[in-house]
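Notes follow the structure.
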Amino acid sequence: MNHKRQGQRGFVAFSCRDPYTRRVTESYVTNTGWSSPASIPPADPKGPGDFNDRIIDEYRANGGKLGGMFAGSDLLLLHHTGGQSGTARVSPLAYQRIGNSYAIFASRAGSAANPDWFNNVVASPETVIEVGRDRLAVRARVAQPAERDVIWDRQKKRVPQFAEYERKAAPRKIPVIVLDPVK
């Protein structure tokens with residue numbers, strides 16, 4: 001976001017929120033040049049600017065149905081626990097049904113690194129998902145190469161954006177995680 005402070009000539013502030021850490025970094029320009037970036041504490045995770053929390057709230061309010069850019073998408077809510085912090089977390093993720101199981105994709109929108117939730121479910125595979133209005137106990141496992149390739153190819157055909165994630169993430173091979181129901 002860019003904004004000019006009233007009454008200050010040549011003052012422009014730039015702020016950017018990191019979607020993974022929720023930290024906001026601000027830099028600004030004055031008549032004398034660039035400032036040093038100032039770090040601001042993380043935003044309230046329930047604040048209006050938090051993208052994932054808005055998706056989660058809409059998902060729960062509408063029984064798993066979303067509008068806007070996610071209308072018609074197959075999304076679930078994955079519960080996981082932060083490996084270092086021990087904090088309970090929820091991540092909205094695209095999924096693909098595999099029989100009675102669900103496949104999710106550690107794409108992180110094509111980033112060079114795996115998302116934090118991936119490390120969390122590998123460390124603590126017994127977890128819960130929300131699919132529509134249902135809550136299911138599941139056990140997460142990383143799909144083996146042959147199984148992964150079949151699921152991944154199907155996902156790229158269903159949602160072409162995943163092919164772009166694959167291209168951006170290279171040489172990282174995006175993991176596929178299968179969530180098997182626990183009886």
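Within region 79-104, how many residues turn out to be more than 10 Å from the chain's Cα centre (by Cα) and touching a residue at least 24 places away in the same chain (Cβ under 8 Å)? Give the derivation first.
Let us first name the residues in region 79-104 that are more than 10 Å from the chain's Cα centre (by Cα), namely 79-89, 95-104.
Still in the list and also touching a residue at least 24 places away in the same chain (Cβ under 8 Å): 79-83, 89, 95-96, 98, 100-104.
Selection size over region 79-104: 14.
Quick one: is Arg108 crowded, with 20+ Cβ neighbours inside 10 Å and either of a type in the set (Asp, Glu) or farther than 20 Å from Val150 by Cβ (or both)? Let's see the steps before the verdict.
Values: crowded, with 20+ Cβ neighbours inside 10 Å: yes; either of a type in the set (Asp, Glu) or farther than 20 Å from Val150 by Cβ (or both): yes.
For Arg108, the condition - crowded, with 20+ Cβ neighbours inside 10 Å and either of a type in the set (Asp, Glu) or farther than 20 Å from Val150 by Cβ (or both) - is met.
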Condition set assigned to a strand (DSSP E or B) and of a type outside the set (Val, Ile, Thr), scope region 94-104, selection surrounded by the most Cβ atoms within 10 Å (Cβ to Cβ): answer is Tyr102
Check your understanding: at pLDDT below 95, closer than 18 Å to Val176 by Cα and not acidic (Asp, Glu): does that describe Ala109?
Key -> yes
Would you mind stating whether Arg172 is out of contact with any helix residue (DSSP H, G or I) (no Cβ under 7 Å at 6 or more places or on another chain), charged (D, E, K, R) and without any contact (Cβ under 8 Å) to a residue 40 or more places away in the chain? no
Reported set for region 50-85 where residues are at pLDDT below 90 and of a type in the set (A, V, I, L, M, F, W, C) is Phe51, Met69, Phe70, Ala71
When every residue in region 132-163 that is crowded, with 16+ Cβ neighbours inside 10 Å and among the small types (Gly, Ala, Ser) is compared, the one nearest to Ile55 (Cα to Cα) is Ala140
Listed by first then second residue, the pairs whose first member lies in region 118-138 and is on the phi > 0 side of the Ramachandran plot and in the same structural domain as Ser107 (by TED's automatic domain parsing), whose partner is surrounded by fewer than 16 Cβ atoms within 10 Å (Cβ to Cβ) and at pLDDT below 95, with beta carbons under 9 Å and at least 6 positions apart or on separate chains, are Gly132/Gly63; Gly132/Lys65
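The values are calculated or read from the model by the stated rules, or taken from the named source; none is laboratory data. Model, not experiment: these values are computed from the prediction. Backbone-built Cβ (ideal geometry, glycine too); neighbour counts: all protein chains shown.
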